[in-house]
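Chemist: One structure follows; several queries about it will come next.
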Amino acid sequence: MTKDGRYSEEACHVIDSLEQIGSQWRLIVLHDLQDGEKRFNELKRSTDASSRTLSRVLDDLQEMGFVDRRLEEESPVATYYSLTPKGESLFPVFDAIESWADEWLADDTSAAEAVESLADG
């Protein structure tokens, strides 16, 4: 922080980035979509999010350009979600965070407990 109480430009970029992807549910959904396109119900099961929460998060991520939505109107109707190039550009970020966690959090908590605590947050 500068003397006048403002953040440096570099810190502002970090803060802005975290505001876009930093919510627990956004991170969980973005991470889960790294495996490829998924139906709404697949995401609901794999993230353990409520339908309302997941719907809101997917709408937010789509609006911000991280996620694409595809509707298949054949019977049964299905909605699919996948990462956009902007969303895929987060792969190295998740890899870096995972490496950091492996080094610094391995003794503190298991990966499953970390994800569970994010979801409970």
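Yes or no, residue by residue, for (1) modelled with pLDDT of 95 or more; (2) open to solvent by 50 Å² or more (accessible area, probe 1.4 Å); (3) not in a helix (DSSP H, G or I):
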{"position": "H31", "(1), (2), (3)": "no, yes, no"}
{"position": "L43", "(1), (2), (3)": "yes, no, no"}
{"position": "R52", "(1), (2), (3)": "yes, yes, no"}
{"position": "R70", "(1), (2), (3)": "yes, yes, yes"}
{"position": "E74", "(1), (2), (3)": "no, yes, yes"}
{"position": "Y81", "(1), (2), (3)": "yes, no, yes"}
{"position": "V93", "(1), (2), (3)": "no, yes, no"}
{"position": "S99", "(1), (2), (3)": "no, yes, no"}
{"position": "A106", "(1), (2), (3)": "no, yes, yes"}
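Chemist: Further, regarding this structure: Limited to the range 54-68, what total is found for residues that are of a type outside the set (G, A, S) and either within 10 Å of W25 (Cβ to Cβ) or assigned to a helix (DSSP H, G or I) (or both)?
Modeler: Going through the range 54-68, the residues of a type outside the set (G, A, S) turn out to be 54, 56-64, 66-68.
Then drop every residue that is not either within 10 Å of W25 (Cβ to Cβ) or assigned to a helix (DSSP H, G or I) (or both), which leaves 54, 56-63.
Result for the range 54-68: 9.
The values are calculated or read from the model by the stated rules, or taken from the named source; none is laboratory data. Because the structure is a prediction, the values reported are computed rather than measured. Every residue, glycine as well, gets a Cβ built from its backbone with ideal geometry; the counts of neighbours run over all protein chains shown. Ligands, DNA and RNA are excluded from the accessible area calculation, which covers all protein heavy atoms including side chains. Shrake-Rupley method; radii C 1.70, N 1.55, O 1.52, S 1.80 Å.
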